[in-house]
Amino acid sequence: MIQTTLKIDGMACSMCEAHINDVVRKTASVKKVTSSHKKGETVILSEAPLDLDRLRKAIAETGYTVVSDFAEPLEKKRLFHFGK
């Protein structure tokens, strides 16, 4: 799994979050997407790396601006982890 965090300018309410989430789901193959207008960010979980240029363009077409992005591998945290 890969976690991609986008810093987005222009989100002001929960409807803005919903618009961003819809655009992300329509543009990329994702497992989960959540947005926060208070933090000004969208966090995306996906199996493969995302086409960030395509995603930036799709988000820009809705009136928002991707200010920055950061992707990193996501390791599942287990409740109990012994050894290894």
| field | Residue ranges of strands (runs of 3 or more DSSP E) in the range 16-78 with at least 2 members over 10 Å from the mean Cα position of the chain (by Cα) and farther than 12 Å from Met1 by Cα | value | 65-73
| task | Output the residues belonging to the range 29-69 that are in contact with a Gly (Cβ under 7 Å, 6 or more places away or on another chain) and open to solvent by less than 50 Å² (accessible area, probe 1.4 Å). | result | Tyr64
| Looking at the range 1-28, which of its residues are within 16 Å of Lys57 (Cα to Cα), open to solvent by 70 Å² or more (accessible area, probe 1.4 Å) and in contact (Cβ under 8 Å) with a residue 12 or more places away in the chain? | Lys7, Asp9, His19, Lys26
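The values are calculated or read from the model by the stated rules, or taken from the named source; none is laboratory data. Everything numeric in this text was worked out from a predicted model, so none of it was measured. Cβ coordinates were reconstructed from backbone atoms using ideal geometry, including for glycine residues, and neighbour counts include every protein chain displayed. Quick note on the areas: whole protein, heavy atoms, side chains included, nothing else; ligands and nucleic acids left out. Shrake-Rupley method; radii C 1.70, N 1.55, O 1.52, S 1.80 Å.
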